[in-house]
Amino acid sequence: MIYYRRILLDCRWLMNKNRLVWAARRGMLELDLLLGPFVEKHFDALDDDDKLRFEVLLEREDQTLFEWFLKATVPADPGMQRIVQIVRDSRSQL
């Protein structure tokens, strides 16, 4: 029974990751080049809270994300500040 439960959880996780890969495709090439590789290479290593923060981040408008990543503005929420910094830092690891 535990084996089947693990398979079910793995399938759900794969579907979620595929959804995130699609959601990371944006209307701005600059965001595509930042978010797509992040999902592919770094998302799995995030803790559950940061994974949730990243999902919430993807719900933001492109212009807002662009401003945050370029440090033109700073997110008001400390959790968003954290995930934006994690994504920014991931660029040096690519």
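Values in this text are rule-based calculations from the coordinates and carry no lab data. Quantities reported herein were computed from a predicted structural model and do not represent experimental measurements.
Separation of the stretch 34-52 and the stretch 73-94, taken as the distance between their Cα centroids, equals 11 angstrom. Here the gap between Ser92 and Met28, fully extended at 0.36 nm per residue and compared with their Cα-Cα distance, gives a gain of 21.0 nm.
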